[in-house]
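Asker: Structure in structure tokens, see below.
The values are calculated or read from the model by the stated rules, or taken from the named source; none is laboratory data. Please read all numbers here as calculations on a predicted model, not as lab measurements. Glycine gets a Cβ as well: all are built from the backbone with ideal geometry, and neighbour counts include every protein chain shown.
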Amino acid sequence: MEQVMESETVVRAKSFGPGRFQTLEQFIIAQQHRFPHATGAFSRLLRDLSVAAKIVNRDIRRAGLLDVFGDTGEVNIQGEQQQKLDLAAHNEFVRALQRGGECCLIGSEEDEHGIILETHPESEGKYIVLFDPLDGSSNIDVNVSVGTIFSIYHLPEGIEPRDVSVEAALQPGVEQVGAGYVIYGSSTMLVYTTGDGVYGFTLEPSIGEFLLSHPRLQTPKQGKLYSINEGNYVWFEEGLKRYIKWMQRNADEPKRPFSTRYIGSFVADFHRNLLKGGIFIYPATAKNPSGKLRLMYEANPMAFIIEQAGGRASDGHTRILEKQPQALHERTGLFIGSEAMVLRAEAFLRDERPPDIL
Ligand code: P6P
């Protein structure tokens, strides 16, 4: 009997059988079965986003070989140089959501007004998706990890998809039904929550599947890493300056000094702190009174994830998820990460003695 050699891919695919790893699709379907009235629309929406993520991943991995480095010469709504891959990523996610038909409204960092999608007769079009298609894009040309961040809301009751306007997206973060990010790093991971824990999937390039690698992620209550651009120190409020000096002191309870880790790519800094413990701070300052990061498609989705992982997120005073948005692209100060570290930062900002909390 001639021994038919299976291709390496087939062998590897088999080695990723149900006993080893669950694919994102299998996981999404398994989760859907937990909701008796689920129609599959949300599952299809997540699948649409994961397909776009794989395409963006492919383009990023080849960025050095294709003419996609550098900027388009355009400036986006944020007043930032629009990188070619920014636009390519934005277009991929828009196309995926258009094809899927489950989304009726998109809010994207790369689009000033919001994009209303035609819904399909065979799908419900009851979701609103907000995203930063390629966060940290200024790092693309120097080969530093970048990411995509997305946030999912239901279309508010009583509004038909054909009547949707961008105001329908202006819901507080507590109304999110899903949130996630993709980190294009040493490996490509998709991390998301729907309110029942945080799950991380690592892309296996040889079979083109996201495989469950980090089930029920929890972030340490206390960490030793802090991420902040201290180049802005002169514009920090006094309480934050005191917090930074407290973290740098040679002391115990908790053991300090902490280490600073700042990549300048929010998704990468967030992901490391999520896994290892730590705090990421981009505060409102005298120079940037509203902060830099955007509430709707950066702070809110990451706040949903960090709270589901046992952490905390505020603007230093107010819980991020309870902030009532006034505009699609509004910015916010952000303190996000290990619960004890965010609580202590908030105490310093209230000008209190460092409390013995947690
Ligand atoms: P700064 C990237 O442009 C970004 O929006 C985040 O990804 C990152 O955390 C932050 O800005 C870095 O800002 O002012 O420290 O360069």
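Asker: Scan segment 262-279 for residues that are more than 15 Å from the chain's Cα centre (by Cα) and within 12 Å of the ligand (Cβ to nearest atom) and jot them down.
Answerer: Tyr262, Ile263
Asker: A follow-up question, please. Evaluate the following for Ala89: is it of a type in the set (Gly, Ala, Ser), surrounded by 15 or more Cβ atoms within 10 Å (Cβ to Cβ), within 29 Å of Thr23 (Cα to Cα) and outside the structural domain of Glu330 (by TED's automatic domain parsing)?
Answerer: Numbers: of a type in the set (Gly, Ala, Ser): yes; surrounded by 15 or more Cβ atoms within 10 Å (Cβ to Cβ): yes; within 29 Å of Thr23 (Cα to Cα): yes; outside the structural domain of Glu330 (by TED's automatic domain parsing): yes.
Yes: the conditions hold for Ala89.
Asker: So which residues in segment 42-86 are buried (at least 21 other Cβ atoms within 10 Å of the Cβ), of a type in the set (A, V, I, L, M) and within 17 Å of the chain's Cα centre (by Cα), if there are any at all?
Answerer: Leu45, Leu46, Leu49, Ala52, Ala53, Val56
Asker: Within segment 127-179, how many residues turn out to be at pLDDT 95 or above and within 16 Å of the ligand (Cβ to nearest atom)?
Answerer: 13
Asker: Separate question: Restricting attention to segment 123-130, does a residue exist that is in contact (Cβ under 8 Å) with a residue 12 or more places away in the chain and closer than 26 Å to Arg61 by Cβ? Break it down stepwise before answering.
Answerer: Residues of segment 123-130 that are in contact (Cβ under 8 Å) with a residue 12 or more places away in the chain, as a first pass: 123-130.
Right, trim to closer than 26 Å to Arg61 by Cβ and you get 129-130.
The answer is yes, given that some residue of segment 123-130 is in contact (Cβ under 8 Å) with a residue 12 or more places away in the chain and closer than 26 Å to Arg61 by Cβ.
Asker: Another one. Among (1) of a type in the set (A, V, I, L, M, F, W, C); (2) within 16 Å of the ligand (Cβ to nearest atom); (3) within 21 Å of Gly147 (Cβ to Cβ), there is one condition Val198 misses while meeting the rest; what is its number?
Answerer: If we test Val198 against (1) of a type in the set (A, V, I, L, M, F, W, C); (2) within 16 Å of the ligand (Cβ to nearest atom); (3) within 21 Å of Gly147 (Cβ to Cβ), just (2) comes out false.
Asker: Still on this structure: Spot the failing condition for Ala268; the list is (1) over 15 Å from Gly337 (Cα atoms); (2) in contact with a Gly (Cβ under 7 Å, 6 or more places away or on another chain), and only one is missed.
Answerer: Ala268 satisfies every listed condition except (1).
Asker: How many of the residues making up segment 284-316 are within 11 Å of the ligand (Cβ to nearest atom) and closer than 20 Å to Val234 by Cα?
Answerer: 6
Asker: Pull up segment 239-261, narrow it to residues that are free of Cβ contacts under 8 Å to residues at least 60 places away in the same chain and part of a helix (DSSP H, G or I), then point me to the one that is nearest to the ligand (Cβ to nearest atom).
Answerer: Taking segment 239-261 as the starting set, the residues that turn out to be free of Cβ contacts under 8 Å to residues at least 60 places away in the same chain are 241, 244-245, 247-252, 255-261.
Imposing the further condition that a residue be part of a helix (DSSP H, G or I) reduces the set to 241, 244-245, 247-248.
Values: Lys241: 17, Ile244: 15, Lys245: 20, Met247: 18, Gln248: 19 Å.
Among them, the one singled out is Ile244.
Asker: A follow-up question, please. Ala347 fails exactly one of the following numbered conditions: (1) more than 16 Å from the chain's Cα centre (by Cα); (2) closer than 23 Å to Gly200 by Cα; (3) away from the ligand (no atom under 14 Å from the Cβ). What is the number of that condition?
Answerer: In the conditions (1) more than 16 Å from the chain's Cα centre (by Cα); (2) closer than 23 Å to Gly200 by Cα; (3) away from the ligand (no atom under 14 Å from the Cβ), Ala347 misses (2) alone.
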